[in-house]
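Participant: Submitted below is the structure of interest, expressed as structure tokens.
The values are calculated or read from the model by the stated rules, or taken from the named source; none is laboratory data. Because the structure is a prediction, the values reported are computed rather than measured. Every residue, glycine as well, gets a Cβ built from its backbone with ideal geometry; the counts of neighbours run over all protein chains shown. The protein model used for the area step is the full one, side chains on, heavy atoms only, and it has no ligands, DNA or RNA in it. Shrake-Rupley method; radii C 1.70, N 1.55, O 1.52, S 1.80 Å.
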Amino acid sequence: MKAKKYLGQHFLRDENIVRKIIDFADIEKEDLVLEIGPGKGALTKYLKNFTPYVVLVEKDKELIPYLKENFTDFLILNEDARYLNLKDILDAARKFFNKDFKKIKVLSNLPYNVGNIILINLLNYFPLLKDLTVMTQKEVFERIVATPKDKKKYGFLSILFQTFFNIKKGFDISPKAFLPPPKVYSTVFKFIPKPLDKNLNFFFKSLENYKKFLTKAFSQRRKKIKNVCPEFPKDYLDKRAEEISLEEYKSIFKKLNNH
Ligand code: SAM
């Protein structure tokens, strides 16, 4: 079967790298693992060594018969992860495995073209996430972990994800490890949820507004904040969006929302 470019299909073919990713994911015995985009099962085939509780979500319906044949004990769903409802996944897993799970561990060699959208959707289910081990283009990873000193890389994705997660880098992967090879290097990394205390819960409850707030702040990077968000406290008005730190954005957002 030919790899489908529009589905971001780059299949891992280097077994050493696959084992390194699985090691890095650090799967525990009773974990419920959700693998997004299992493809031809490069990572999937190692999962049963760690846990029997695996859910596969693959958009490409042509891959489903192959997955069902090879992974008979896993719950396999032909769905689009951009719109996945993790509450439904948890319910489906409870029924399928007849076991009460509380959290989901996500593993994914993300389809490059929609990786961000999938991650942003998963954030809607933050309290259900144990952690996420993912691969994206190296450049996307760099945007996610960027700070003001990284200038252009720093933005919406950095602040949104760093508000909710500690991010741990695994390693970079050469295009040669994939078939067909992508044009760029990839990075494996882990999102480790920060504790959902009162403060973080405020951001979680305000997620839609928080995203709007960040989108607006970074909508005209070259302008000073006073021309984009005149409602910001006066200390920030002469700065540009990329000169304001994560902690400052969090405190501005709280102030503007009377929290
Ligand atoms: N896990 C396999 C591997 O590492 O070899 C395949 C990874 S490949 C980069 C991405 C996979 O995600 C493909 O199997 C593709 O069909 C699937 N995919 C693409 N878009 C998707 C979506 N919106 N939801 C779920 N799966 C998707």
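Participant: Has the range 72-88 got at least one residue that is in contact (Cβ under 8 Å) with a residue 12 or more places away in the chain, away from the ligand (no atom under 15 Å from the Cβ), closer than 16 Å to L122 by Cα and among the charged types (D, E, K, R)?
Facilitator: yes
Participant: If you check E242, E208, E231, which single one turns out to be touching a Gly at 6+ places or on another chain (Cβ under 8 Å) and either farther than 19 Å from I144 by Cβ or at pLDDT 95 or above (or both)?
Facilitator: E242
Participant: If N113 satisfies all but one of (1) in contact (Cβ under 8 Å) with a residue 60 or more places away in the chain; (2) buried (at least 21 other Cβ atoms within 10 Å of the Cβ); (3) within 13 Å of the ligand (Cβ to nearest atom), what's the number of the condition it fails?
Facilitator: Just one mismatch for N113, condition (2).
Participant: Counting only residues that are within 19 Å of the chain's Cα centre (by Cα) and open to solvent by 90 Å² or more (accessible area, probe 1.4 Å), how many does the range 1-19 have?
Facilitator: Keep residues of the range 1-19 that are within 19 Å of the chain's Cα centre (by Cα), which gives 7-12, 18.
Checking the rest, the ones that are also open to solvent by 90 Å² or more (accessible area, probe 1.4 Å) come to none.
Number of matching residues: 0.
Participant: Next up: Within the bounds of the range 215-223, is there any residue that is touching a Cys at 6+ places or on another chain (Cβ under 7 Å), among the hydrophobic types (A, V, I, L, M, F, W, C) and outside the structural domain of F11 (by TED's automatic domain parsing)?
Facilitator: The first filter runs over the range 215-223 and keeps only residues touching a Cys at 6+ places or on another chain (Cβ under 7 Å), leaving 216-217.
Next cut, among the hydrophobic types (A, V, I, L, M, F, W, C) only: 217.
Subsequent filtering for residues that are outside the structural domain of F11 (by TED's automatic domain parsing) retains 217.
Yes, the range 215-223 contains a residue that is touching a Cys at 6+ places or on another chain (Cβ under 7 Å), among the hydrophobic types (A, V, I, L, M, F, W, C) and outside the structural domain of F11 (by TED's automatic domain parsing).
Participant: Could you grab me the full set of residues in the range 34-54 that are closer than 15 Å to D88 by Cα and in contact with a Phe, Trp or Tyr (Cβ under 7 Å, 6 or more places away or on another chain)?
Facilitator: Across the range 34-54, the qualifying residue is only V54.
Participant: Out of the residues in the range 20-60 meeting the condition of being hydroxyl-bearing (S, T, Y) and open to solvent by less than 20 Å² (accessible area, probe 1.4 Å), tell me which one is farthest from the ligand (Cβ to nearest atom).
Facilitator: T51
Participant: Within the range 138-157, is even one residue within 13 Å of the ligand (Cβ to nearest atom), over 25 Å from S245 (Cα atoms) and open to solvent by less than 20 Å² (accessible area, probe 1.4 Å)?
Facilitator: No, that holds for no residue.
Participant: Considering only residues that are touching a residue at least 60 places away in the same chain (Cβ under 8 Å) and more than 20 Å from F71 (Cα to Cα), look in the range 10-19 and name the one that is nearest to the ligand (Cβ to nearest atom).
Facilitator: Of everything passing the filter in the range 10-19, H10 is nearest to the ligand (Cβ to nearest atom).
Participant: Let me ask something additional. Restricting to the range 116-138, name every residue that is assigned to a helix (DSSP H, G or I) and of a type outside the set (S, T, N, Q).
Facilitator: I117, I118, L119, I120, L122, L123, F126, P127, L128, K138
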